[in-house]
Amino acid sequence: NAAAAGTAAGRFLQGSAAAVAAAGSSSAVTCLSFSTGSGLPLLAAGGSAGVIALWNLEQRCLHHVMRDAHDRPLLSLHFFAGEPLLMSSAGDNSIKQWVLEGSESVPRMLKFRSGHSAPPAVVRHYAEGLRLLSAGVDKGFRLFSTIQDQQSRELSQKNVKARAKKSRVTEDEIKLPRVTQLAACEVGGGLLACITSSLYGIYPMPHVLCNRLL
């Protein structure tokens with residue numbers, strides 16, 4: 001099979017079909033991948049707006065649009081051979097695995113790994129070097145484990161997408177300012193960590209976070 005991507009969908013489709021196709025190709029296509037196996041014959045198309053569109057090759061129509069798949073342009077897409085699994089990576093420094101469920105092949109995120117989407121500005125060793133505390137220009141504050149990646153996670157900016165959608169503002173407006181300095185210590189035998197950080201543009205009040213990091 002071969003595939004080509006364009007933007008003038010309305011030139012070949014009319015009415016509601018053209019509107020649906022335009023919704024799935026509202027930005028430049030950056031990567032493509034074909035599905036294989038016994039399920040629906042699909043073509044996944046990733047765009048510069050972080051959107052993944054799934055096209056049904058049998059019915060020649062748009063099957064599903066994953067609008068919030070990534071926060072930056074898609075870099076690559078890959079369907080696992082003979083399996084309903086799709087991998088995606090993007091410029092937001094994340095890689096995600098999607099499973100296509102049921103006979104309708106509805107995509108659902110199965111698991112993901114991510115880091116800072118912009119360069120880190122402050123990095124500190126923690127727990128005798130077994131973990132790293134990192135604050136980035138992307139306004140994120142993260143914990144990285146050097147021995148088990150599953151323990152790595154973001155400690156700040158909780159539920160940003162949902163809050164931004166509810167308030168009808170951009171995610172950047174919801175996020176706290178970026179961290180400029182931080183210090184951490186263990187309390188209670190290392191079961192609880194207290195982290196003090198200073199935020200850009202907010203002076204002189206420090207922000208204190210106490211959390212279980214183990």
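The values are calculated or read from the model by the stated rules, or taken from the named source; none is laboratory data. These numbers come from a predicted model, not from an experiment. Note: ideal-geometry Cβ built from the backbone for every residue, glycine included; neighbour counts use all protein chains shown. Ligands, DNA and RNA are stripped out before the accessible areas are found, and what is left, the full protein with its side chains, is counted by its heavy atoms. Shrake-Rupley method; radii C 1.70, N 1.55, O 1.52, S 1.80 Å.
Rundown of residues vs (1) among the β-branched types (V, I, T); (2) within 18 Å of A44 (Cβ to Cβ), yes/no style:
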| position | (1), (2) |
| --- | --- |
| N93 | no, no |
| E101 | no, yes |
| P120 | no, no |
| V123 | yes, no |
| G129 | no, no |
| L133 | no, no |
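Among residues belonging to region 59-75 that are of a type in the set (A, V, I, L, M, F, W, C) and open to solvent by less than 50 Å² (accessible area, probe 1.4 Å), point out the one that is nearest to the chain's Cα centre (by Cα).
The residue in question is A69.
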Contacts under 7 angstrom Cβ, first residue in region 76-102 being closer than 13 Å to I52 by Cα and open to solvent by 30 Å² or more (accessible area, probe 1.4 Å), partner among the hydroxyl-bearing types (S, T, Y) and part of a strand (DSSP E or B), 6 or more apart | S76/S89; H78/S33
